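Here the structure comes first, spelled out in structure tokens, and everything after it is commentary.
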Amino acid sequence: MQQKGDLTFKTGKNRIKKAFACIVSFVLIASFLSGCSYKSILTDTLLDRKIEDEEAQETVSANIPDEQTLEGTVRAVIVNIDLKNNSLAFSHLDTGKQYELKIDNSTLIHSRYGDIMVPEQLNPGDIADITASLHSGLIKTIDEVNGFEYSGITDYDYNVNKGVFTADDVNYRITDSTIIVEDGHIVDFDDIVTGDSLKIAGISHDLYSITIEKGIGHVRLTGGEFYEGGVVEIGNTVANLEENLLLDVPEGQYNLKVYYKGNTAGRALKVLRGQETKVDLTVFKGDLIKYGRVTFTFDPPTAPVKVRIDGKQVEFMRPVKLEYGVHNLLITAEGFRTIKSKIRVASEMANIDLVLEEAVSENKTPVTPPSTNNTLPPDTFKNSSTSTSSTSTSSSSSSSAVTGATEDSSAIETGSTTNQLYIDSPEGAEVYFDGAYKGMAPIHFTKTSGTHVVVLRKDGYRTKTYTLNLAATTENETYSFSDLEKLEDDENE
């Protein structure tokens, strides 16, 4: 009788343990679906539970269901794909709890259209139904959800308190499960910086993920004071050069370009998100700052001439060293009319030959020397090896008398009537096209399709920079820009 009773007791105990194991399995599956950590559940129910009866412990272990029956499916936002460690981190859409489970060659991945995918095609911020084995921690299937997904969003606004995110004038609802992903980590709304490029994903009008695809970096340019009036270009970011310039630039690889007085220099540049990259522009001096030597001859040669260039009197009896570019020329001589003009230095050696005109008096009629057909305006220089002089036979007390003195004769094509770019205003402003001086507005020259930088400059006024997108057609294009802003007296000083 005692033996029979013992058997009955043992049989009853085994039934109890089997029921307990089934309950554990149910709890495991339910906990995964509800967002609890499968590891903590296993630890609490099996690993840390002290079972003193060895027979009972063996019975419990023997009744844990096979991993094939311990599978759960959740809808989640992918946070990070670690291909090196073959793992995938995701956030449970209903609870916001985070998991990191393994993937291997047996993991099946399907796009929202049912196509087979590989892990490399998954991206942070994607929404998917994930089925995993709770026993082994292995992801069995990943099925992308058929919702909306938009990349490269730069026109956006959001109000967390009102729960509204606006992208390209479309409103989406910020839910309790909405997460922001950056570099494989979940961050806050405060980490979104103006200018960041975002990817958004969700279902219907519910927004579940915001991924910071490209952030903003900072480029600090030193040495810009050596290139006054020059322009720097980093991708779509264009700015006038000045001392210690700091620019906000989207992260990425660029070819930094500096345009200065018709010369161009550049270098490769990598901008990192949230970091400052320093660039010393003085290394471009040899490419951007060039000098020519200009000699002056006058008729009559005995006239008491004084020459000022950019407001400074120079000794013109010997060649004057001038930086490449446009300079203001002022020539005065007692008894002769003053000459005001602009000269453009673009070669190593050049000569300017000027004929002085006697000043007008009440008792004397001025005599204008005859002009020749082969004379050039005073701003047109040629290399001394091909031409020894560049002359102007006109002089005046105002710049209006030296017609064409500020134009680059090689750039202006007066004979062409098609495929021209016209810059009509502001009148009298120096026009630089991709860093090359073209002349003074109004002006026109051959149009080249694509993106180009136009700089407008005038003494005493603030320099303006514009980016033009010119069409690939033979039709003329005309631009009339607003007047330049006059500098204050202290700025002029």
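A few notes on this one:
- Criterion: part of a loop (DSSP other than H, G, I, E, B) and at pLDDT below 85 - qualifying residue of Glu413, Glu427: Glu413
- Scan of the range 292-312 for residues that are in a strand (DSSP E or B) and among the aliphatic types (A, V, I, L, M), ordered by number: Val294, Val305, Val307, Ile309
- Every residue from the range 161-180 that is among the hydrophobic types (A, V, I, L, M, F, W, C) and touching a residue at least 24 places away in the same chain (Cβ under 8 Å): Phe165, Ala167, Ile174, Ile179, Ile180
- Filter pass, Gly195 being on the phi > 0 side of the Ramachandran plot and either touching a residue at least 60 places away in the same chain (Cβ under 8 Å) or assigned to a strand (DSSP E or B) (or both): no
- Qualifying positions in the range 143-155 - charged (D, E, K, R) and in a strand (DSSP E or B): Asp143, Glu144, Glu149
- Sole residue being buried (at least 19 other Cβ atoms within 10 Å of the Cβ), under 30 Å from Arg267 (Cβ atoms), at pLDDT 85 or above and in contact with a strand residue (DSSP E or B) (Cβ under 9 Å, 6 or more places away or on another chain), chosen from Leu329, Leu356, Leu288: Leu288
- Checking Ala265, Ala239, Ala167 one by one, the residue that is small (Gly, Ala, Ser), out of contact with any helix residue (DSSP H, G or I) (no Cβ under 8 Å at 6 or more places or on another chain), within 20 Å of Ile289 (Cα to Cα) and at pLDDT 90 or above is Ala239 and no other.
- Of all residues in the range 314-355, exactly one satisfies the criterion of being at positive phi and part of a strand (DSSP E or B), namely Gly325.
- Among the residues making up the range 107-142, those that are part of a loop (DSSP other than H, G, I, E, B) and among the acidic types (Asp, Glu) are Asp115, Asp126.
- Matching residues in the range 441-478 - criterion: being in a loop (DSSP other than H, G, I, E, B), exposed (fewer than 14 other Cβ atoms within 10 Å of the Cβ) and not aliphatic (A, V, I, L, M): Thr448, Ser449, Asp459, Gly460, Thr473, Thr474, Glu475
- Every condition in (1) more than 25 Å from Asp459 (Cβ to Cβ); (2) at pLDDT below 85 is met by Thr302 except one, and the failing one is (2).
- Some residue of the range 303-313 being crowded, with 18+ Cβ neighbours inside 10 Å and touching a residue at least 40 places away in the same chain (Cβ under 8 Å): yes
- Residues of the range 90-132 that are aromatic (Phe, Trp, Tyr) and under 16 Å from Ile179 (Cβ atoms): Phe90, Tyr99.
- Residue list for the range 171-210, restricted to those being buried (at least 20 other Cβ atoms within 10 Å of the Cβ), among the hydrophobic types (A, V, I, L, M, F, W, C) and more than 16 Å from Pro124 (Cα to Cα): Ile174
- If you go through the range 205-262 and pick out every residue that is assigned to a strand (DSSP E or B), of a type in the set (Ser, Thr, Tyr) and in contact (Cβ under 8 Å) with a residue 40 or more places away in the chain, you end up with 6.
- Residues within the range 263-275 that are without any contact (Cβ under 8 Å) to a residue 60 or more places away in the chain and assigned to a strand (DSSP E or B), tallied: 7
- Residue in the range 149-160 that is surrounded by 16 or more Cβ atoms within 10 Å (Cβ to Cβ), at positive phi and in contact (Cβ under 8 Å) with a residue 60 or more places away in the chain present: no
- All positions within the range 159-190 that are of a type outside the set (Ser, Thr, Tyr), assigned to a strand (DSSP E or B) and closer than 23 Å to Asp82 by Cβ: Ile179, Ile180, Val181, Glu182, His185, Ile186, Val187
The values are calculated or read from the model by the stated rules, or taken from the named source; none is laboratory data. What you see is a predicted model, and the numbers here were worked out from it, not measured in a lab. Note: ideal-geometry Cβ built from the backbone for every residue, glycine included; neighbour counts use all protein chains shown.
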